[in-house]
Amino acid sequence: QVQLVESGGGLVQPGGSLRLACAVSESIFSIATMGWYRQAPGKERELVATISSGAHIYYADSVKGRFTITRDNGKNTVYLQMNSLKPEDTAVYYCNAVAMLKGYWGQGTQVTVSS
């Protein structure tokens with residue numbers, strides 16, 4: 001059973017930074033496209049960023065220049081460095097893995113940007 005475990009969420013002031021991490025339990029990590037999604041209250045889940053097994057990266061326009069996605073294949077972990085955070089970044093952030101036509105989700109971690 002593939003498990004994704006997120007960490008690193010919390011409360012931060014506007015303009016601050018947080019780094020999210022997602023550890024994957026199985027060896028699919030090396031072939032998986034990894035992604036971060038977020039869901040704010042009353043809104044649909046939206047894609048934030050993805051990184052393929054070949055390190056091809058995509059960012060949503062709303063986070064370009066502020067967020068950075070990276071992966072460490074040796075640690076089966078994907079990271080999301082979030083800088084210059086804004087109140088509108090407040091959401092539950094979910095880690096996603098897609099490998100061999102199957103998708104997997106983490107349990108989510110809350111990020112709150114507020115003064």
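The values are calculated or read from the model by the stated rules, or taken from the named source; none is laboratory data. Predicted model, so just to flag it, every value in this text is computed and none were measured. Cβ sites come from the backbone with ideal geometry, for glycine too, and all protein chains shown count toward neighbours. Heavy atoms of the whole protein, side chains included, go into the accessibility calculation; ligands, DNA and RNA do not. Shrake-Rupley method; radii C 1.70, N 1.55, O 1.52, S 1.80 Å.
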Please work out if residue 94 is under 13 Å from residue 22 (Cβ atoms) and over 12 Å from the mean Cα position of the chain (by Cα). no
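Being among the β-branched types (Val, Ile, Thr), under 23 Å from residue 41 (Cα atoms) and not in a loop (DSSP other than H, G, I, E, B) is the filter here, so list the residues in region 87-111 that pass it.
If the condition is that a residue be among the β-branched types (Val, Ile, Thr), under 23 Å from residue 41 (Cα atoms) and not in a loop (DSSP other than H, G, I, E, B), then 92, 109, 111 are the ones that fit.
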Can you name the residue in region 50-75 that is closer than 18 Å to residue 92 by Cα and in contact with a Ser or Thr (Cβ under 8 Å, 6 or more places away or on another chain) and, of all such residues, is surrounded by the fewest Cβ atoms within 10 Å (Cβ to Cβ)? 66
Contact list please: Cβ distance under 9 Å, first residue in region 57-75 and in a strand (DSSP E or B), second residue among the acidic types (Asp, Glu), pairs at least six apart or on different chains. 67/89
Quick check on residue 32: is it touching a strand residue (DSSP E or B) at 6+ places or on another chain (Cβ under 9 Å), open to solvent by less than 30 Å² (accessible area, probe 1.4 Å), at pLDDT 95 or above and at negative phi? no
In the list 7, 84, which residue meets the criterion of being small (Gly, Ala, Ser), closer than 17 Å to residue 113 by Cα and under 11 Å from the mean Cα position of the chain (by Cα)? 7
Find the residue count for region 76-86, including only residues that are outside any strand (DSSP E or B), open to solvent by 30 Å² or more (accessible area, probe 1.4 Å) and of a type outside the set (Lys, Arg). 3
